[in-house]
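Notes to accompany the following structure.
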Amino acid sequence: MLGKFFQKPDKEQGERVPPGQHLAKGFPVLTYGATPKVNIEEWEFRVWGSAKPTVFTWSDFMALPQHEFTADFHCVTRWSKLDVKWTGIKVTDFMNLIEVEEEAAHIMEHCYGGYTTNIAIEDFIREENFFAFQLFGEPLPAEHGGPLRLVVPHLYAWKSAKWINGLEFLKKEELGFWERNGYHRRGEPWAEERYSSSF
Ligand SMILES: Nc1nc2c(c(=O)[nH]1)N[C@H]1C(S)=C(S)[C@@H](COP(=O)(O)O)O[C@H]1N2
Ligand SMILES: [Mo]
């Protein structure tokens, strides 16, 4: 295995690779099911649940400030990729557009294709989280989540929903697709929160 699919990190990089992870060669694609094809004219993003129901278009998103982000990416299947370069919109800038009820404590991320993953609001509204629409200066390829995906660098990458199209605000935590199938509810890579202890 080592050699063909993984690179040995140098010392400085090694300190950035969480326990039990190896550096991937290239940027693997990890999708459960088919890659949805979404065109930007029909693309919509919805907010509902414990928040004022609102629908956003592609141009609503593109009107927000755009930034470049460099982030490390850790998949629970044990590969990591350091220094991924994205262009996107800060989650905190998007949050200024919506009205969330005070009792909301959790979010279900929804996607074209039906994938879901849950996240606590405090993990979602971090300054370094973003919605990405470019990868290494090119439009985000469909297999990596284009036209738009979420990136949450401090959690395992299954929380970084590809083809994201909605946020459902929840008063109580509910589990998303992988979390119902045994993955950890939070998924912090440095603590190796890989699987739920009840599995
Ligand atoms: N909609 C959707 N988002 C998803 C997934 C998926 O199957 N569907 N897989 C997750 C997992 S397990 C990982 S590791 C990353 C992989 O992102 P990549 O394919 O761009 O490397 O996307 C996450 N987001
Ligand atoms: Mo993953």
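Remarks
- The single condition from (1) in contact with a Leu (Cβ under 7 Å, 6 or more places away or on another chain); (2) farther than 21 Å from Phe27 by Cβ that His144 fails is (2).
- Options Pro139, Pro153: the member that is within 19 Å of Ala71 (Cα to Cα) and free of Cβ contacts under 8 Å to residues at least 24 places away in the same chain: Pro139
- Among the candidates Phe169, Phe130, residue that is more than 15 Å from ligand 1 (Cβ to nearest atom), among the aromatic types (Phe, Trp, Tyr) and in contact with a strand residue (DSSP E or B) (Cβ under 6 Å, 6 or more places away or on another chain): Phe169
- Qualifying residue in the range 186-193 (condition: among the aliphatic types (A, V, I, L, M), away from ligand 1 (no atom under 15 Å from the Cβ) and over 22 Å from Phe45 (Cβ atoms)): yes
- Identity of the residue in the range 136-177, under 19 Å from Trp43 (Cα atoms), within 12 Å of the chain's Cα centre (by Cα) and within 14 Å of ligand 2 (Cβ to nearest atom), that ends up surrounded by the most Cβ atoms within 10 Å (Cβ to Cβ): Ala161
- Within the range 46-81, the set of residues being more than 30 Å from Glu103 (Cβ to Cβ) and among the hydrophobic types (A, V, I, L, M, F, W, C) comprises Trp58, Met62, Phe69, Ala71, Phe73, Cys75, Val76, Trp79.
- Of the residues contained in the range 19-35, none is found to be over 16 Å from the mean Cα position of the chain (by Cα), within 26 Å of Thr92 (Cβ to Cβ) and buried (at least 17 other Cβ atoms within 10 Å of the Cβ).
- Residues that are crowded, with 17+ Cβ neighbours inside 10 Å and among the charged types (D, E, K, R) within the range 57-114 comprise Asp72, Lys81, Lys90, Glu109, listed in sequence order.
- Test result for Arg180, of a type in the set (Lys, Arg), within 15 Å of ligand 1 (Cβ to nearest atom) and without any contact (Cβ under 8 Å) to a residue 12 or more places away in the chain: yes
- Among the conditions (1) away from ligand 2 (no atom under 16 Å from the Cβ); (2) acidic (Asp, Glu); (3) under 28 Å from Glu15 (Cβ atoms), Glu188 misses just one, which is (1).
- Pairing each residue of the range 30-42 that is under 21 Å from Val76 (Cβ atoms) and touching a residue at least 60 places away in the same chain (Cβ under 8 Å) with any residue that is in a loop (DSSP other than H, G, I, E, B) and among the polar types (S, T, N, Q), provided the two are 6+ apart or on different chains, yields C-beta distances under 9 Å for Leu30/Thr77.
- Of all residues making up the range 61-115, the number that are of a type in the set (A, V, I, L, M), over 24 Å from Gly137 (Cβ atoms) and more than 9 Å from ligand 1 (Cβ to nearest atom): 8
All of the numbers you see were taken from the coordinates with simple rules; none came from a lab. Since the model is a prediction, treat every value here as computed from it, not as a measurement. Backbone-built Cβ (ideal geometry, glycine too); neighbour counts: all protein chains shown.
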